[in-house]
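The values are calculated or read from the model by the stated rules, or taken from the named source; none is laboratory data. Keep in mind that what you see is a predicted model, and the values were worked out from it rather than measured. Note: ideal-geometry Cβ built from the backbone for every residue, glycine included; neighbour counts use all protein chains shown.
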Amino acid sequence: MDKVKVTINGREMAVNKEFTILEAAETNGVDIPTLCYEEGLSLQGCCRLCVVEVNGARKLMAACTTPIYEGMVVETETERVVSARRDVLRLLLANHDLRCLTCERNGDCRLQDYCYRYQVENTPYPGDRKAYPIDGTNPFFYRNYGKCIMCGKCVRICAEVNGAHVIDFMDRGFDVKVTSAYDDGLTETTCTFCGMCVQVCPVAALVEKSTVWAGRPWEMRKVKTTCPYCGVGCQLNLKVKDNRIVGVAKEKSGSNRGHLCVKGQFGWDYVHSPDRLTQPLIRRDGELKPATWPETLAYVARRLLGIKEQYGGAAIAGLSSAKCTNEENYLFQKLMRSVLFTNHVDHCARL
Ligand code: SF4
Ligand code: SF4
Ligand code: SF4
């Protein structure tokens with residue numbers, strides 16, 4: 001990989017020559033604020049929060065879209081840069097439904113974080129504010145465009161990752177708004193409810209319904225797990241409050257790289273269903289009766305080994321599930337082949 005030398009905040013570093021200033025900074029631990037940048041999506045360079053000073057350039061440059069070159073000298077937190085960032089934030093606040101106290105993203109909001117970092121308490125630009133009704137017409141998430149900061153990440157992820165192209169910008173200037181065709185609710189569109197737009201939204205414009213009034217972000221424990229719905233085995237983080245799942249947050253590791261479909265994103269409510277079995281049952285005298293796990297495992301082992309001894313392993317077949325992880329399925333076939341000596345092992349994904 002060809003490298004070039006750049007200097008960021010007085011520190012010289014050798015970085016991949018294909019990098020932008022933002023990538024060079026991020027890989028070397030220099031934090032540049034961004035609202036519209038998302039790794040893996042096309043570059044928009046529209047929020048202007050990532051502007052930096054580049055030696056020899058007249059204007060401030062957007063770090064997310066400016067490629068680096070040999071000998072480039074960059075400063076990321078000068079007075080001029082900070083002043084420009086403050087102005088960007090003040091302009092955003094001029095048209096924002098700023099009710100942080102009860103906002104579901106309070107404590108987990110990029111706009112709030114950057115206002116704190118740059119000590120922006122309010123806006124000197126009073127004027128008209130957009131007043132959109134909150135759209136709760138779909139079963140999974142609210143769309144509150146009074147809090148939208150027009151970063152466009154939802155539009156890009158819907159088009160570039162999901163390929164659904166459900167939402168886009170409508171109108172111009174002050175009236176611009178993200179919406180679907182004919183400004184319809186999402187149930188009237190080809191939306192697959194993958195929730196990717198919700199996951200990338202940096203503010204509370206898109207919020208999972210299940211998390212509303214369910215707890216503050218800092219009260220929720222994140223539990224990394226594997227989606228149980230299919231063999232892809234997507235990784236995700238469950239948001240857990242008081243031992244109950246209230247939502248799903250993205251987890252960047254794994255084959256899905258943080259993206260989910262509707263099942264992994266919103267289909268977890270069965271976990272708390274009162275209809276679920278909570279303990280093993282063994283049929284005794286024709287009736288299913290509760291049993292302990294040690295008792296049940298010993299019973300199953302005894303019966304399987306008994307059948308193997310009497311009729312041979314070929315008399316036993318095992319059917320596993322796509323809801324198990326690859327590792328569980330591997331162990332299952334290992335148990336069938338190596339312990340019970342049968343090749344009769346299959347999986348419900350082949351039905
Ligand atoms: S989206 Fe962020 S800045 Fe806006 S009200 Fe909510 S917490 Fe505050
Ligand atoms: S839920 Fe998925 S398909 Fe629907 S608008 Fe959001 S990103 Fe697009
Ligand atoms: S809804 Fe969220 S992700 Fe979409 S443009 Fe507005 S702030 Fe950005």
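Being aliphatic (A, V, I, L, M) and within 13 Å of D242 (Cα to Cα) is the filter here; which residues of region 207-221 pass it?
Of region 207-221, the ones aliphatic (A, V, I, L, M) are 207, 212, 214, 220.
Matches in region 207-221: A214, M220.
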- How about region 44-72: which of its residues are surrounded by 15 or more Cβ atoms within 10 Å (Cβ to Cβ) and aliphatic (A, V, I, L, M)? L49, V51, V52, V54, L60, M61, A62, A63, I68, M72
- Hey, any hits in region 302-310 for a residue that's loosely packed, with under 11 Cβ neighbours inside 10 Å and under 25 Å from K209 (Cβ atoms)? no
- Query: Is there a residue in region 313-324 that is assigned to a strand (DSSP E or B), surrounded by 12 or more Cβ atoms within 10 Å (Cβ to Cβ), polar (S, T, N, Q) and at pLDDT below 95?
  - Reply: yes
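Quick one: which residue in D269, D285 is on the phi > 0 side of the Ramachandran plot and of a type in the set (D, E)? Step through it out loud before you land on a result.
Working: D269 fails: on the phi > 0 side of the Ramachandran plot.
None of the others qualify; the one that does is D285.
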- Those residues of region 36-67 which are within 18 Å of K17 (Cα to Cα), in contact with a Ser or Thr (Cβ under 8 Å, 6 or more places away or on another chain) and part of a loop (DSSP other than H, G, I, E, B) amount to L43, A63, C64, T65, T66
- Where F174 falls short, out of the listed (1) away from ligand 1 (no atom under 16 Å from the Cβ); (2) among the hydrophobic types (A, V, I, L, M, F, W, C); (3) surrounded by 18 or more Cβ atoms within 10 Å (Cβ to Cβ): (3)
- Can you tell me which residue among T187, T123, T179 is touching a helix residue (DSSP H, G or I) at 6+ places or on another chain (Cβ under 6 Å), of a type in the set (S, T, N, Q) and more than 23 Å from C64 (Cβ to Cβ)? T123
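Could you tell me whether region 80-90 includes any residue that is within 16 Å of ligand 1 (Cβ to nearest atom), under 23 Å from M196 (Cα atoms) and within 29 Å of the chain's Cα centre (by Cα)?
If we filter region 80-90 for residues that are within 16 Å of ligand 1 (Cβ to nearest atom), which is where we start, we get 85-86, 88-90.
Next, from what is left, pick out any that are under 23 Å from M196 (Cα atoms): none.
No - not one qualifying residue is present in region 80-90.
Out of the residues in region 135-157 that are of a type in the set (V, I, T) and under 22 Å from R110 (Cα atoms), state the one that is nearest to ligand 1 (Cβ to nearest atom). Steps first, please.
Going residue by residue through region 135-157, those that are of a type in the set (V, I, T) are 137, 149, 155, 157.
Still in the list and also under 22 Å from R110 (Cα atoms): 149, 155, 157.
Details: I149: 8, V155: 18, I157: 18 Å.
If we take residues in region 135-157 being of a type in the set (V, I, T) and under 22 Å from R110 (Cα atoms), then I149 is nearest to ligand 1 (Cβ to nearest atom).
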- Just checking, which of L111, L91, L60, L101 is without any contact (Cβ under 8 Å) to a residue 60 or more places away in the chain, more than 16 Å from ligand 2 (Cβ to nearest atom) and within 24 Å of A24 (Cα to Cα)? L60
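Matching residues to (1) within 15 Å of the chain's Cα centre (by Cα); (2) within 15 Å of ligand 1 (Cβ to nearest atom); (3) surrounded by 18 or more Cβ atoms within 10 Å (Cβ to Cβ):
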residue	(1), (2), (3)
T190	no, no, no
C194	yes, no, yes
E208	yes, yes, yes
A214	no, no, yes
V223	yes, no, no
G231	no, no, no
L236	yes, no, yes
- Item | Filtered residues of region 6-15 (kept if surrounded by 14 or more Cβ atoms within 10 Å (Cβ to Cβ) and in a strand (DSSP E or B)) | V6, T7, I8, M13, V15
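Kindly evaluate F141 against the criterion of being hydrophobic (A, V, I, L, M, F, W, C) and in contact (Cβ under 8 Å) with a residue 60 or more places away in the chain. It would help to see each step written out before you state the result.
Values: hydrophobic (A, V, I, L, M, F, W, C): yes; in contact (Cβ under 8 Å) with a residue 60 or more places away in the chain: yes.
So F141 fits the description; yes.
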- Query: Restricting the search to region 166-185, which residues are within 8 Å of ligand 2 (Cβ to nearest atom) and over 23 Å from H96 (Cβ atoms)?
  - Reply: V166
